Amino acid sequence: MSKTFPVDNGMPSFWRSQPDPLDNHRSTETLPETSDIVIIGAGFAGASTAYHCLDQSNDSTKPSIMVLEARQACSGATGRNGGHLKPDLYNSIGDWAAEYGVEAAAEVAAFEMQNLEALESLIEAKKIDCDLELSEVFDVHLDNDYCAKVKARYETLIASGFDISKKVQFSPQEAAEAVSGVKGAKGCFSSRTGRLWPYKLVMQLLKQAISAGANLQTNTPVLSVSESPNDDGRWTVTTSRGSILAKWVVFASNAYTSAIAPEYKDRIVPVRGICSHIAIPNPPTTPIRSSYTLRSKSWDYDYLIPRPDGSIVVGGAKSTYLSNTENWYDNTDDSRLIDSAAAYFNDYMQRNFHGWENTGANADHVWTGIMGFTPDSLPHVGHIPNKQGQLVIAGFNGHGMPQVFLCARGISRMIVDGAKYEDTGLPKLFQTTPKRLERLMDVRQAMAE
Ligand SMILES: Cc1cc2nc3c(=O)[nH]c(=O)nc-3n(C[C@H](O)[C@H](O)[C@H](O)COP(=O)(O)OP(=O)(O)OC[C@H]3O[C@@H](n4cnc5c(N)ncnc54)[C@H](O)[C@@H]3O)c2cc1C
């Protein structure tokens, strides 16, 4: 097996500590021989694609849908992330504006806000219990030079008439520490964000899809997908439990996509990250109500959300392991911790936040997860070039939560309504194209930025 398949024994995460009855679900004992749509992966992207395909079809035209998952449902990045649902209104957006123009970057920022709003509406309408909270997020900079670089980009965005960045406020060094409560803050951006329990959201999307007719098969890795269709235009999807013929195949396999879709080799690269849950025996007098990112460099940052019970989820620790690329780059091993990062979160709150010195805050869960990184930091969405009927929704670069849900709606419009990419509401920059597939990952350059 290629080393980019999911490993068998992913370690537990805080989010997966209360397994849902669907965790190891198989809708049928054996696999059907055919299915209109086969979705590979039961994370946020796979569950959302199944949900939207069925939501957009009426009863007489409902397609048959199989969701094939290598391990337990939602056991990939979505079940192991930081729970941040944070639209980016100025940060990577500033890079993309410089490279692709303000209009293309603005489309991405607006799309991420739409994702937050769409999830807010869905969660309210369907009464999905997933601890969604909306609040302010502080992007706190700890390095003067990097802060100045980001601020200059942010000012360029505003000067170019980029309205959405006006929803971001900046506090300079004199105010940043008091505004954010973070020790040594050199500057601080703030904007609106969401946070939630990602596993619970995905399990409820899967539940809705199954009650609308989808067939979920967990513990069923897809081993290969044929390179060309048969005479009926169907693709052969080979799994550990037999083969299925499908008219449409959707790769919602994120970090692991290149194991079964060779065109994504070195274009979607597995990158290992680490995250923790912090328990607080003696809560501080002023608990944290906002979410945070603490940034030192573009690739070196921590992200943090408070939970409704006052505990904290914090991920990052990149300064402890980035210099050893084998620890994280092209690495799918979420069965164990990154040794050099394991203790990083223990006194994290005491080290970084005023007023937390006597709280005894300590990590009671630490886990790893695998993200899908792309050379241009943009996801791949849409029809796979030269493979009519195969689509991809993958490569979310550690930032899928404010992108995936409406990317899946776009994918389902292409399948169910036959819509063209341009008519789906998806950002131009997300489209998977032959040109984007020419670009290879240069990890050293990315780390130097
Ligand atoms: C430690 C960590 C922290 C993160 N924090 C955040 C955050 O705070 N905010 C944010 O926006 N994003 C965050 N992310 C990224 C975010 O989790 C992802 O972008 C998002 O979950 C991607 O969803 P997905 O469905 O595409 O991928 P996944 O959840 O990884 O789902 C892909 C699924 O496909 C399955 N699969 C793969 N190959 C096969 C195969 N051959 N056969 C069958 N099944 C297969 C996998 O087992 C997996 O379940 C973080 C990620 C990690 C790892």
Could you give the nm distance between label points at Lys62 and Ser228, where each point is 7 Å from its Cα heading toward the beta carbon?
-> 3.7
To the nearest 10 degrees, how steep is helix 44-55 against the longest Cα principal axis of the chain, on a 0 to 90 scale?
-> 50
Helix 198-211 sits at what angle to the longest principal axis of the chain, using alpha carbons and giving 0 to 90 degrees rounded to 10?
-> 20
Roughly what would the spin-label model give for Asp8 and Thr238, points 7 Å off Cα along C-beta, in nm?
-> 2.1
In percent, what relative contact order does the chain have, based on Cα pairs under 8 Å that are 6 or more apart in sequence?
-> 23
The stretch 381-449: relative contact order as a whole-number percent, Cα under 8 Å and 6+ apart = 31
Using alpha-carbon coordinates, inclination of helix 91-100 to the longest axis of the chain, degrees = 60
When we measure straight from the Cα of Lys297, which lysines land under 19 angstrom away, once same-chain ones fewer than 8 places off are left out?
-> Lys86, Lys149, Lys151, Lys183, Lys186, Lys318
Could you tell me the accessible area of Ser171 in Å² (1.4 Å probe, neighbours in place), rounded to the nearest ten?
-> 20
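Counting only DSSP beta bridges with both residues in the chain, what percent are antiparallel, rounded to the nearest 5?
Around 70 percent of the beta bridges assigned by DSSP in the chain are antiparallel ones.
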Trypsin sites (Lys or Arg not before Pro), restricted to the stretch 321-388: which are DSSP loop and have at most 14 other Cβ atoms within 10 Å?
-> Arg336
Could you give the length gained on full extension between Ala104 and Glu124, defined as 0.36 nm per residue of separation minus the Cα-Cα distance, in nm?
-> 4.1 nm
Efficiency of FRET from Cβ geometry, Ala178 and Thr34, R₀ 60 Å, rounded to 0.05 = 0.45
Stretchable slack from Lys166 to Ser27, in nm (0.36 nm times residue separation minus alpha-carbon distance) | 45.3 nm
Could you tell me the distance between the Cα centroids of the stretch 377-427 and the stretch 293-361, to the nearest Å?
-> 31
For the chain, the accessible surface attributable to carbon and sulfur atoms (probe 1.4 angstrom, ligands and nucleic acids excluded) amounts in percent to 48
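Per residue, what accessible area does the chain have, given a 1.4 Å probe and all protein chains present, in Å²?
Dividing the accessible area of the chain by its residue count gives 40 Å².
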To the nearest 10 square angstrom, how much accessible area does Asp129 have with a 1.4 angstrom probe?
-> 90
May I ask you to compute the full-extension gain from Leu134 to Asp364, defined as 0.36 nm times their residue separation minus their alpha-carbon distance, rounded to one decimal in nm?
-> 80.3 nm
Which of Met203, Ala125, Ala148, positive extreme of dipole for the stretch 111-203 (C-beta unit charges) = Ala148
Under a straight-distance cross-link criterion of Cα-Cα below 17 Å, which lysines are reachable from Lys428, leaving out those fewer than 8 residues away in the same chain?
-> Lys420
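Under a Cβ-Cβ cut-off of 13 Å, what is the net charge of the residues other than Ala176 that fall near it, where Lys and Arg count +1 and Asp and Glu count -1?
Charge balance in the 13 Å sphere: 0.
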About the Cα centre of the stretch 163-251, how large is the charge dipole given +1 on each Lys and Arg Cβ and -1 on each Asp and Glu Cβ? Please answer in debye to the nearest 20.
-> 400
Could you name the aspartates and glutamates in cross-link range of Lys126, using Cα to Cα under 17 Å and dropping any fewer than eight places away on the same chain?
-> Asp55, Glu117
Distance between modelled label sites at Asp423 and Ala212, nm, 7 Å Cα→Cβ extension = 2.0
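Lys and Arg at +1, Asp and Glu at -1: add these up for the other residues within a Cβ distance under 12 Å of Arg26 and post the number.
-2
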Accessible area of Tyr100, 1.4 Å probe, to the nearest 10 Å²?
-> 80
Relative contact order as a percentage, the stretch 183-259, C-alpha pairs under 8 Å and 6+ apart, gives 16
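The values are calculated or read from the model by the stated rules, or taken from the named source; none is laboratory data. These numbers were taken from a predicted model, which means no experiment stands behind them. Positions of Cβ are generated from backbone atoms using ideal geometry, with glycine treated the same way; all protein chains shown enter the neighbour counts. These accessible areas exclude ligands, DNA and RNA; they are computed on the full protein's heavy atoms, side chains included. Shrake-Rupley method; radii C 1.70, N 1.55, O 1.52, S 1.80 Å.
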